[in-house]
Amino acid sequence: MIKLNSQDVSKLYLGGSPVAAAWQGRVKIYPATGPTGGLPPGRNTYYQSILNVATLNGYTLPSSSQQDLQNDLVQELIDQGIWDKLDVFYVFANDGSKEFGNLNWKDPGAYECTTSGSPLWTADQGYTGVPVSSTYVDTGFNVGGTAQFSNGDASLFAYVYNDIANNTYGDIGLIEQAPYTGTQWGAINSRLPAVGALNSRAEYNLLDTTTSPFWTSDVPTSVGFSHVDRANSSQIKFYKNGTLLNTRSATETTLPATLTLQFLKGRLLADYSARTVSIGGVGSSLSTEASAFYTAINTYMTSI
């Protein structure tokens, strides 16, 4: 919106010719479509709010071309019915800054990530951990009190950038708080090494504390999008790159009061990852959207 002194400008001219529209950076200020003006052509309101918060915080933004890709990612998640099922969503892989990557895209004013042990951030890749040290990324987000993630209706997902066979269990994990039991509540290890006759495979769990983590069928690489899902209280499903690899009977354990989402870590005092995590988050069950979810994430990752 443009004002002259305290009066709104209803018509704007350049020389003797009327101006159809005026922009300040990427925000339309004339004619205004609301109290704060409009959006650039094709810009999604949710994505613009992420840019706005990053700008206010003084964070380096992604390049203009990558902003377009990120805007398209958000729009595709909305179009596929995925966006409203997410609680938190992080895109560490960007060409702007790690601070921009730390923002929670679902609500950029809340649950900004912090780091422990100085994990390495690399542009367009994400955060890399150190498996023998307390190096991880903490969202501060408690899945025990969320609007989407809940008993019998939950998902946990992460895109891994590099291929490392690793016995440690924690590209992404749900970490209990005091009093500690050492229980593995939910995590993904996107690739275990081959052992004897067993080929490399992934390892996962989600809200089943009565059994050891489950193994998938063969997974030749840790690269790509891993997604563990619960659509009910009796089964866990594991998807790799949108394809269902395993469905396991797994009686659900009731959520504790506090269970925090962290990256590069699978349990409280163990299971740190050496891989690079590019994207991740949690939400309600996304089993019916698994293929579309992977396609949207992969389109972004293969375009940057």
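Numerical summary
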quantity: Qualifying residue in the range 269-278 (condition: of a type in the set (A, V, I, L, M), modelled with pLDDT of 95 or more, under 18 Å from the mean Cα position of the chain (by Cα) and in the same structural domain as SER118 (by TED's automatic domain parsing)); calculated: yes
quantity: Verdict on ASP124 being of a type in the set (Asp, Glu), closer than 24 Å to SER303 by Cβ and not in a helix (DSSP H, G or I); calculated: yes
quantity: Residue that is surrounded by the most Cβ atoms within 10 Å (Cβ to Cβ), among those in the range 85-99 that are of a type outside the set (S, T, N, Q) and touching a Leu at 6+ places or on another chain (Cβ under 9 Å); calculated: TYR90
quantity: Residue under evaluation ALA21, criteria (1) closer than 20 Å to PRO108 by Cβ; (2) modelled with pLDDT of 60 or more, criterion not met; calculated: (1)
quantity: Qualifying positions in the range 155-185 - assigned to a strand (DSSP E or B) and modelled with pLDDT under 90; calculated: ILE175, GLU176
quantity: Condition check for LYS265: among the charged types (D, E, K, R) and surrounded by fewer than 24 Cβ atoms within 10 Å (Cβ to Cβ); calculated: no
quantity: Single residue of the range 79-120 satisfying the filter (assigned to a strand (DSSP E or B) and among the hydroxyl-bearing types (Ser, Thr, Tyr)) that is farthest from THR55 (Cα to Cα); calculated: SER116
quantity: Exclusive hit being acidic (Asp, Glu) and free of Cβ contacts under 8 Å to residues at least 60 places away in the same chain, set GLU76, GLU99; calculated: GLU99
quantity: Some residue of the range 219-228 being under 29 Å from SER133 (Cβ atoms), of a type outside the set (Lys, Arg) and surrounded by fewer than 17 Cβ atoms within 10 Å (Cβ to Cβ); calculated: yes
quantity: Test result for SER133, within 20 Å of the chain's Cα centre (by Cα), closer than 16 Å to TYR272 by Cβ and either surrounded by 17 or more Cβ atoms within 10 Å (Cβ to Cβ) or modelled with pLDDT under 85 (or both); calculated: no
quantity: Residue selected from the range 230-245 under the condition in contact with a Lys or Arg (Cβ under 7 Å, 6 or more places away or on another chain) and touching a residue at least 24 places away in the same chain (Cβ under 8 Å), by the criterion surrounded by the most Cβ atoms within 10 Å (Cβ to Cβ); calculated: ILE236
quantity: Cβ pairs under 8 Å, 6+ apart, first in the range 213-225 and closer than 20 Å to LEU286 by Cα and in contact (Cβ under 8 Å) with a residue 60 or more places away in the chain, second buried (at least 19 other Cβ atoms within 10 Å of the Cβ) and of a type in the set (D, E, K, R); calculated: GLY224/LYS240; PHE225/LYS240
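The values are calculated or read from the model by the stated rules, or taken from the named source; none is laboratory data. Treat the numbers as computed from the prediction; the structure is a model and nothing was measured. Because the Cβ atoms are built from the backbone with ideal geometry, glycine has one as well, and the counts that use them run over all protein chains shown.
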